[in-house]
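These notes concern the structure reproduced below.
The values are calculated or read from the model by the stated rules, or taken from the named source; none is laboratory data. These figures come from a predicted structure and were not determined experimentally. Cβ atoms come from the backbone with ideal geometry, glycine included; neighbour counts cover every protein chain shown.
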Amino acid sequence: MPGNIWVLAEHWRGKVSEITFEALALGRDVADQLGSKVEAVLLGHGVKDLASQLGAAARVISTDHEALAEVVPEVYAEALAQLARRERPAAVLTPLSNVTLGVGTLLAAKLGASAINFCKNVRVVDGKIEAHAVLYGGKIETKVAAAAEPVVLGIGPGARLADAGRSAEPPAVVDEVTVDLPEAQPIRFKEFIEPEAGEVDVTQQDVLVAVGRGIGSRDNIALAEELAAALGGVVCGSRPVIDQGWLPPSRQIGKSGMQVKPRLYLALGISGAPEHVEGMRGAELIVAVNTDPAAPIFNVAHYGTTADVLEFLPLLTEQAKALRG
Ligand SMILES: Cc1cc2nc3c(=O)[nH]c(=O)nc-3n(C[C@H](O)[C@H](O)[C@H](O)COP(=O)(O)OP(=O)(O)OC[C@H]3O[C@@H](n4cnc5c(N)ncnc54)[C@H](O)[C@@H]3O)c2cc1C
């Protein structure tokens with residue numbers, strides 16, 4: 001009998017994260033192909049009611065412990081490792097979001113298991129788990145087979161539609177199990193810093209005007225703000241723009257920033273480094289403006305122009321204002 005497929009149920013401030021439902025839908029597909037079951041592992045403190053939302057899983061393994069009140073990757077990995085040693089799942093799917101990023105690789109190290117990160121898809125080939133993974137910061141996409149079981153799979157956003165992993169029914173079985181966690185942890189949760197009031201959520205925008213180092217200076221951001229206002233969107237940026245303090249961290253797009261899927265992504269003076277592209281390649285329409293015709297951003301852009309962004313921006317804003325009346 002093949003082992004079951006586990007999904008770490010990520011939750012944040014009392015809500016199951018969308019990526020958990022995506023991973024559950026993917027986990028169920030893999031379990032079906034393997035002839036086993038998908039099970040959700042719910043770790044936390046005072047959150048066991050969330051199990052009722054995880055009905056896409058055949059069973060929820062629920063663990064309540066004070067030390068799991070906040071996500072500290074080392075502690076979560078230890079709890080998961082204790083559970084996995086008991087039950088021997090074939091695979092553990094861990095959502096790769098800002099909350100649980102890092103849990104999977106620590107878990108694999110504890111179990112001596114294979115780890116495949118940044119998986120876009122997972123399937124079973126000749127009875128073995130194979131992942132379609134993004135490697136080297138987005139430079140390569142390839143198929144990776146696990147050398148041995150269990151395998152820990154880091155699942156990126158968008159592997160499946162979240163709705164496919166939702167169920168109106170509660171799970172058939174919820175098992176409450178205990179783990180033994182040491183009181184003194186080498187790494188402790190200190191503080192959660194709320195984003196500044198009034199800050200926008202770039203992941204929810206239809207139109208993003210993204211500026212890179214090519215914008216030249218903090219003062220020139222105002223040109224992008226004006227275009228964003230004309231298009232009904234908001235301004236965001238590449239990492240150097242954030243690092244220089246020209247925009248707040250919540251506006252950073254990319255590997256160490258936000259993953260966005262707007263209808264329109266305007267990339268202005270952005271070179272298109274893999275770490276940036278990782279965050280925006282899912283946009284419906286990408287338009288790039290860059291003086292360098294060899295800039296890699298043109299490889300992902302649907303439309304592009306080799307123009308000076310400082311000359312191009314006011315013209316585009318004028319056109320956008322005229323079109324909007
Ligand atoms: C672990 C790690 C994580 C990272 N995470 C992120 C991340 O989350 N997000 C991110 O963005 N980066 C990230 N980076 C950094 C990334 O590698 C790049 O350095 C960064 O994306 C480059 O930003 P940029 O395109 O704005 O700047 P540059 O690479 O300097 O490009 C500027 C571009 O502007 C063009 N240009 C210059 N002047 C003009 C002009 N007047 N008009 C038009 N075009 C002009 C140039 O031709 C050039 O292509 C990460 C790096 C590492 C190692």
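Only residues that are assigned to a loop (DSSP other than H, G, I, E, B) and near the ligand (Cβ under 8 Å from one of its atoms) were counted across segment 249-295, and they come to 13.
Among the strands (runs of 3 or more DSSP E) contained in segment 66-142, which hold 3 or more residues that are surrounded by fewer than 18 Cβ atoms within 10 Å (Cβ to Cβ)? Can you show your working first?
Values: elements: 91-95, 114-125, 128-135.
It comes to 114-125, 128-135.
Taken together, the residues in segment 12-38 that are in a strand (DSSP E or B) and modelled with pLDDT of 95 or more amount to 2. None of Val209, Val235 is closer than 20 Å to Val287 by Cβ, in contact (Cβ under 8 Å) with a residue 40 or more places away in the chain, in the same structural domain as Gly272 (by TED's automatic domain parsing) and not in a helix (DSSP H, G or I) except Val209.
Only one residue in Arg239, Arg281 is basic (Lys, Arg) and at pLDDT 95 or above. Which one?
Values: Arg281 fails: at pLDDT 95 or above.
Result: Arg239 is the single residue among Arg239, Arg281 that is basic (Lys, Arg) and at pLDDT 95 or above.
To keep it simple, each residue is scored yes or no on (1) surrounded by fewer than 18 Cβ atoms within 10 Å (Cβ to Cβ); (2) touching a His at 6+ places or on another chain (Cβ under 7 Å); (3) within 19 Å of Leu223 (Cα to Cα).
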position	(1), (2), (3)
Arg251	no, no, yes
Arg263	yes, no, no
Glu275	yes, no, no
Gly279	no, no, no
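All told, Ala222 meets the bar of being under 30 Å from Gly269 (Cβ atoms) and exposed (fewer than 15 other Cβ atoms within 10 Å of the Cβ).
Checked against the criteria, Lys143 counts as at pLDDT 95 or above, within 25 Å of Pro296 (Cβ to Cβ) and not hydroxyl-bearing (Ser, Thr, Tyr).
As for segment 164-174, it holds at least one residue that is in a helix (DSSP H, G or I), touching a residue at least 60 places away in the same chain (Cβ under 8 Å) and assigned by TED's automatic domain parsing to the domain that holds Leu43. Going through segment 281-294 one residue at a time, which ones are surrounded by fewer than 18 Cβ atoms within 10 Å (Cβ to Cβ), farther than 19 Å from Ile155 by Cβ and in contact (Cβ under 8 Å) with a residue 40 or more places away in the chain? Residue satisfying the conditions is Thr291 alone.
Given the criterion out of contact with any Leu (no Cβ under 9 Å at 6 or more places or on another chain), free of Cβ contacts under 8 Å to residues at least 60 places away in the same chain and crowded, with 22+ Cβ neighbours inside 10 Å, identify the matching residue among Glu10, Glu39.
Working: Glu10 fails: free of Cβ contacts under 8 Å to residues at least 60 places away in the same chain.
Answer to the selection: Glu39.
Given the structure, is Ala222 part of a helix (DSSP H, G or I), more than 30 Å from Asn4 (Cα to Cα) and more than 16 Å from the ligand (Cβ to nearest atom)? Spell out the reasoning first.
On the way: part of a helix (DSSP H, G or I): yes; more than 30 Å from Asn4 (Cα to Cα): yes; more than 16 Å from the ligand (Cβ to nearest atom): no.
It is false that Ala222 is part of a helix (DSSP H, G or I), more than 30 Å from Asn4 (Cα to Cα) and more than 16 Å from the ligand (Cβ to nearest atom).
Could you give every pair whose Cβ atoms fall below 7 Å, whose first residue belongs to segment 78-106 and is on the phi < 0 side of the Ramachandran plot and touching a residue at least 60 places away in the same chain (Cβ under 8 Å), and whose second residue is outside any helix (DSSP H, G or I) and among the charged types (D, E, K, R), counting only separations of at least 6 or pairs across chains? From residues that are on the phi < 0 side of the Ramachandran plot and touching a residue at least 60 places away in the same chain (Cβ under 8 Å), the pairs are Gln82/Asp180; Ala90/Glu149; Pro95/Glu10; Ser97/Glu10; Val99/Glu10; Thr100/Glu10.
Of all residues in segment 116-128, those that are without any contact (Cβ under 8 Å) to a residue 40 or more places away in the chain and farther than 15 Å from Met1 by Cα have Cβ atoms under 8 Å from Cβ atoms of residues that are among the β-branched types (Val, Ile, Thr) and outside any strand (DSSP E or B), 6 or more apart or on another chain, in Asn117/Thr105. Looking only at residues of segment 225-243 that are within 10 Å of the ligand (Cβ to nearest atom) and not aliphatic (A, V, I, L, M), we find that the one that is farthest from Glu278 (Cα to Cα) is Asp243. Does Ile140 satisfy the condition of being under 24 Å from Val75 (Cβ atoms) and in the same structural domain as Val75 (by TED's automatic domain parsing)? The answer is no for Ile140.
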